[in-house]
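Report on the following structure.
The values are calculated or read from the model by the stated rules, or taken from the named source; none is laboratory data. A quick note: this is a predicted structure, and the numbers were derived from the prediction, not measured. Ideal geometry is used to build each Cβ from the backbone, glycine not excepted, and the neighbour counts take in all protein chains shown. Please note that ligands, DNA and RNA were not included when accessible areas were found on the heavy atoms of the full protein model with its side chains. Shrake-Rupley method; radii C 1.70, N 1.55, O 1.52, S 1.80 Å.
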Amino acid sequence: MRKAVVIVFILISSIGFSQNYKFGKVSKEELMEKSYAEDPEADAVVLYKKETIAYEYKSGDGFRQVREVQERIKIYNKEGFGWATKKVRLYDRSSSKSEDFLNLSAYTYTLEDGKVKKTKIKKESIFEEKNNKYWATKTFTMPNVKEGCVIEFRYRIESPYIQIDDIDLQYTIPIKKLDINVKIPEFFVFNKLQNPKAIYFPKIEDTQVNRKETLVSKSRTSGGMGKINSNRDYSDWEFKEFKTVVDETNVPALKEESFVKELDIYRAKLVWEYAAYNGPNREIKNYSTSWEQVSKTINESESFGGQLGKTKYFESDVNALLDGVDDPIKKVALIYDFVRSKIKWNKYVGYRVNDGVKKAYKDRVGNVAEINLMLVAMLRHAGLNASPVLLSTRSNGIPLFPTTSGFNYVIAAIEVPNDIVLLDGVNTYGAPNILLEKTINWQGRIVRKQGTSAWIDLTPKKKSKTISFMNVNIADDLSISGKIKKHLTDYLALNYRERYHDSKTETIVSNYEKDKGNIEITNLDVKNKKELSKPINYTYDFKLDNAIEEIGDKLYISPLLFLASEENPFKQETRIYPIDFIYPTYSKYAVYLKIPEGYVVESLPKNTKVQFNGTEGEFSYIIREQGETIQVSVITDLNKTLILPEEYLEFKKFFEMSHEKQAEKIVLKKQ
């Protein structure tokens, strides 16, 4: 009997421990935990996340949105230390209608000599960064962070705005307990949905509750003899609230996968659109709108469309630049290069200017909007049909509702017969129609001079190519020497320029030699590194030891040598997220291997051609003996840029076959 009582006591204690999420009640058991049972590989786990959103009412001032956040995070190892820094974005900190960050309380808990030690955050670990005219970031870093520690913080944000920001329901680490509670007065009508691209969909409970506020009205009455009496009248105001609750346990982490450029696209989250106001006095205002109206609103603002009409600040410079130039293509190239060389990007992202195009031109530095709206204005001044294009970067996600916050970037576009040329003045090493990868996010909204707008496809259509030629000679000591010529176009050329723009030859050579065995590279020659409209061409000589396997009187050689892919990134059996290549590619390797004297070909790999989904991808391997030379041609042509999870197994087979084929060997034997 006593044994049963002990067991019951242990169970009750265990349940009590697992459910005790009151702020400050961090237990010794949590500090002693070495890993998370549901995900042992996790570097950290959110033990508890609570987020509440409500609208507090103050007589005379109306409703004010209040967002309260509490998080408790267990950090297992050094790789999890990044979770000890929290960034909170706040809107419009410079105006009277600002969001206020309040009541921060933050502690780190560690186990010292078997006792729980509590360390409070210091003021110097809390700071605010002004991002631009419209946004600021409050950042705080927890103290005394160690492996095994638990951090806990809570804060409050008060906002005069009705609109609700997206609520994240998933992190890149697991969440043990998730508690979301949103209460919205019936007067504010929202459209709500979960991110349709997410893989994990927590259960959402929607209910309706009653709420009562006490209203206070003041009045004055005459009390005789010139005396004025102040009176207060109290009345009850009852209305409904719509309540949304998410109560989940063991929320899985967003897991990294190869060829996923922005994991946040697949995050589970609640997305809200403030659609209408339905007031107690039957006043109705509709805020739900169309993308056409959103584009019109943005274009009519001084911080966007108002900047396009300002031209005097650059006219004399641009007129001199284009003096005697009639070719529209040359005009585009001259203006594009002029803007990129004159105005430095200050790393601020947004579609609205901060200080304006005139100041950016004068100071030679500006944000994305200042640079690209200036570019549009100059192109129009040159007589070109140019317009700004609003878009959302990959980290900002794909806008699900028509809203001005759905965009966070702007580029320039020139409309020509049957085509649109896209330009980004922020892209230092790009070229026309070669954008930064982070901005290639499905569609953009072009806003024309007449005020009309339309969606345009941002997906690259032209293939980025890499073409390699390699001559190979085998010496008597079985070392290999040869020469490589390589040709890179479009996005592959952009990637090269971004990576090596300031690199010395020795650095580039060292990088080429990395992970290629016992190789020595000499005589590197790179052409068109700064001529952005041209492909990158480079050549080098190489000498490679230990690349041939000699068994008896036979030699075994992989004809692609170090050009073949060593690692297959698609080994997993299933795929959670799509494979995103961003742009179509074409690669060709042409190898000419001279048969060494005294040897003949015993066997060659078989010629092969295989397709993926018909014309969406093709791999061909052609090898033949031509006199004293073995000629090899390996081509991979990939037209599809997004491989869906349901297509993964077929693509995996396609890729495995091409990967394995490149590793097959030529067999030579002594005569």
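When you count the other C-beta atoms within 10 angstrom of each residue and take the mean per peptide, 203-214, 431-442, 395-406 line up highest first as 431-442, 395-406, 203-214. The share of accessible area on the chain that comes from carbon and sulfur is 48 percent, using a 1.4 angstrom probe.
Solvent exposure of the chain, expressed per residue, is 52 Å² of accessible area, with all protein chains present and a 1.4 angstrom probe.
Summary of packing: across the peptides 381-388, 450-457, 348-355, 289-296, the per-residue average of other C-beta atoms within 10 Å ranks them, highest first, as 348-355, 381-388, 289-296, 450-457. Across all directions, the average flat footprint of the convex hull enclosing the Cα atoms of region 464-670 is 12.8 nm². Which net charge results when you count Lys and Arg as +1 and Asp and Glu as -1 among the other residues whose beta-carbon is under 11 Å from that of I579? After counting each charged neighbour, the total is +1.
Based on C-alpha pairs under 8 angstrom that are at least 6 apart in sequence, region 541-671 has a relative contact order of 38 percent. Put a dot 7 Å past the Cα of K218, heading toward its Cβ, do the same for K665, and the two dots end up 9.3 nm apart. When all protein chains stay in place and ligands, DNA and RNA are ignored, the 1.4 Å accessible-area order of W345, W83, largest first, is W83, W345.
Sorting the segments 149-156, 574-581, 620-627 by their residues' average number of neighbouring beta-carbon atoms within 10 angstrom, most packed first, yields 149-156, 574-581, 620-627.
A Förster radius of 30 Å combined with the Cβ-Cβ distance from R156 to W455 puts the calculated FRET efficiency at roughly 0.15. When only alpha carbons are used to place a centre, region 46-113 and region 226-291 end up 17 Å from one another.
Taking 0.36 nm per residue of separation and subtracting the current Cα-Cα distance, fully stretching the chain between E531 and E656 would add 41.3 nm.
On the beta carbon distance between E628 and K516, with R0 = 25 Å, the FRET formula returns roughly 0.40.
In the chain, the alpha-carbon atoms span a convex hull of 283 Å³ per residue.
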